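In what follows, a single structure is set out as structure tokens and then discussed.
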Amino acid sequence: MTVILGIDIGGSGIKGAPVNTDTGELTAERCRIPTPAGAKPEDVKGVVRQLVEHFGLEGPVGVTFPGIVQGGRTLSAANVDAGWIGLDADDLLTQATGREVHLLNDADAAGLAEARFGAGRDVRGTVLVLTFGTGIGSALIRDGELIPNAELGHLWLRSKHAESWASDRARERDDLNWKQWAGRVNKYLQHLELLFSPDLFIIGGGVSRKADKWLPHLQLTRSRAVPAALQNEAGIVGAAMLAASAGQEQAASAGASTGEGVAGGAPRGPAARKPAEGKAKAGKK
């Protein structure tokens, strides 16, 4: 059993838990800490460090971020401080925690988890995972493979910015009942259906826990829509999956360079990490 800490940075809360990456199950109760006002990098860094210390788990850590992530750098900041733009967040969080941190987009993490362990398991074709919360995150999956950084929450529906109009925060802001909110979501999904013709929509985020209130009001032409099976834990699970995969790749690379197999050649424990010297980017996705 491989247990990896996954941390999900959200607009309102930062939550984490250890994950059995063989089964997708949390091995301890998750811990949630409110996102600091403004979500500045230095403040968020402190919360991530606090979660790492709370669980005390050795090994790599997977972390999600609500924006575009490429090569460990955060390239957008729709619902967090602009200081994240262009930041090497992998390195920032590695230095802060003393762990090898692997970062990815929050919706992409949810998509990975749902595709392997959740509502998208064994589904062929095109799957769109949408997370409704402070904004709208999106993950595009084709035959089980992730196409990262889709950012479909930033589409425009005529004069309306999708996530500003149809997110869960918009539902609360505009005091919409579930049927009214579902009407907005339905128009958004119909637009995505026209663009991508997905075989399946998976609706995640906190709203997935209340699917009985909005799912009956969705009316799609070609696609099915289902709530996320992992609900609001999908980001945590997907983050841990990425960290586990990256760790395996680095161990395999280390074993190959020494002429030994992974079991014999991979460094283990604290000696395998040197955060004070900066982390190597080789093997990162």
Where the centre of each part is set by its Cα atoms, how far does region 1-65 sit from region 94-109, in angstrom? 9 Å
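For the chain, what is the calculated [θ] at 222 nm in deg cm²/dmol (nearest 500), taking -39500 (n - 2.57) for each run of four or more DSSP H residues and dividing by its residue count? Let's see the in-between values first.
Numbers: 9 runs with 99 residues, N = 285.
Helix contribution divided over all residues of the chain: -10500 deg cm²/dmol.
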Please state the charge dipole magnitude for the chain, taken about the Cα centre, from unit charges on C-beta atoms (+1 on K and R, -1 on D and E), reported in debye and rounded to the nearest 20. 580 debye
Just to check I understand the Karplus step: with θ = phi - 60° and J = 6.51 cos²θ - 1.76 cosθ + 1.60, what whole-Hz values come out for region 56-61, glycine and proline as x? x, 8, 7, x, x, 10
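Please list the helices of the chain that count as membrane-span-like by this rule: a mean Kyte-Doolittle hydropathy of at least 0.5 together with Cα atoms stretching 30 Å or more along the helix axis, each helix being a complete DSSP H run.
234-258
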Amide H neighbours of THR2 at under 5 Å, excluding residues fewer than 5 places away on the same chain, with H built from the backbone geometry, are THR21, ASP22
For region 106-151, what does the relative contact order come out to in percent, with C-alpha contacts under 8 Å and a separation of six or more? 38 percent
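Output the relative contact order of region 61-136, whole-number percent, from Cα pairs under 8 angstrom with separation of 6+ residues. Working shown, then result.
On the way: 102 pairs, mean separation 21.6, N = 76.
RCO, region 61-136: 28 percent.
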Per its Cα gyration tensor (rounded if a/c is under 1.5, else prolate when a/b beats b/c, else oblate), region 1-140 is best filed as oblate
Loop only by DSSP, 16 or fewer other Cβ within 10 Å of the Cβ. Give me the GluC sites (Glu not before Pro) in region 1-76 that pass, ordered by residue number. GLU29, GLU58
So which trypsin sites (Lys or Arg not before Pro) in region 94-123 end up in coil per DSSP with only 16 or fewer other C-beta atoms within 10 Å? ARG121
Any idea what the relative contact order of the chain is, in percent, if you count C-alpha pairs under 8 Å spaced at least 6 apart? 20 percent
Out of ASN79, VAL123, ALA96, whose Cα points farthest toward the positive end of the dipole of region 67-126 (charges: +1 Lys, Arg; -1 Asp, Glu; placed on Cβ)? VAL123
Antiparallel bridge percentage (DSSP; both residues within the chain; nearest 5): 60 percent
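Heavy-atom accessible area per residue, the chain, 1.4 Å probe: how many Å²?
45 Å²
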For LYS210, give me every one of the aspartates and glutamates with a C-alpha distance below 20 angstrom, ignoring sequence neighbours fewer than eight places off in its own chain. GLU114, GLU163, ASP168, GLU172, ASP174, ASP175, GLU233
Which residue, chosen from PRO41, ILE236, TRP156, occupies the Cα position most advanced towards the positive end of the dipole of the chain, where the dipole is computed from +1 (Lys, Arg) and -1 (Asp, Glu) charges on Cβ about the Cα centre? TRP156
Separation of alpha-carbon centers, region 143-172 and region 200-218, rounded to whole Å: 15 Å
I need the shape label for region 113-196. Rule: rounded when a/c is under 1.5, else prolate if a/b > b/c, else oblate, with a, b, c from the alpha carbon gyration tensor. prolate
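The values are calculated or read from the model by the stated rules, or taken from the named source; none is laboratory data. Note that the coordinates shown come from a computational prediction; the quantities given were computed from them, not determined experimentally. Glycine gets a Cβ as well: all are built from the backbone with ideal geometry, and neighbour counts include every protein chain shown. To get the accessible areas, we keep the full protein, side chains included, count just its heavy atoms, and leave off ligands, DNA and RNA. Shrake-Rupley method; radii C 1.70, N 1.55, O 1.52, S 1.80 Å.
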